[in-house]
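*Asks:* Below you'll find the structure I mean.
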Amino acid sequence: MSFHNYADKYSNISALDTPLKPILTVQTARSRTLAADIEKMVETELKSHCVVADTDAFIDHYFNVSSEVVQNVFDEMVRQKLYDKVKKSWHSIPQESAKESEFYSPLIE
């Protein structure tokens, strides 16, 4: 499986524009590493370093904020037309076929 196929399969990347970074260390072996073995190693790495949690449970556990405050902030985002309740999406965040760099500005402004 090529990198682009793997990226599409696991992270829904539609346009890669981040340059590849050089590898600082290389592990060598006397034989070729099979693609299936690499896929298994990547899946193992992701499983041990990625955590998925219910948004409400995460916020309730780590932030002591009442639901009333959360609702007030959300209502203000809708009032300022930053969030579209009908489409259930943020106005300035690209939806499809966007390059990675197009996501930076909306998230830091």
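*Asks:* On the protein heavy atoms, probe 1.4 angstrom, tell me the percent of accessible surface of the range 60-101 carried by carbon and sulfur.
*Replies:* Taking all protein chains in place, the range 60-101 shows 52 percent carbon and sulfur surface.
*Asks:* Need one number: nm distance between label points at Lys87 and Val65, each 7 Å from Cα along Cα→Cβ, rounded to one decimal.
*Replies:* 2.3 nm
*Asks:* Quote the charge dipole size of the range 60-109 about the Cα centre in Debye, to the nearest 20; the model charges only the Cβ of Lys and Arg (+1) and of Asp and Glu (-1).
*Replies:* Magnitude of the dipole: close to 200 debye.
The values are calculated or read from the model by the stated rules, or taken from the named source; none is laboratory data. It should be emphasised that the depicted structure is a prediction, and the values quoted were computed from it without experimental measurement. Backbone-built Cβ (ideal geometry, glycine too); neighbour counts: all protein chains shown. Keep in mind that these areas ignore ligands, DNA and RNA; they rest on the heavy atoms of the full protein, side chains included. Shrake-Rupley method; radii C 1.70, N 1.55, O 1.52, S 1.80 Å.
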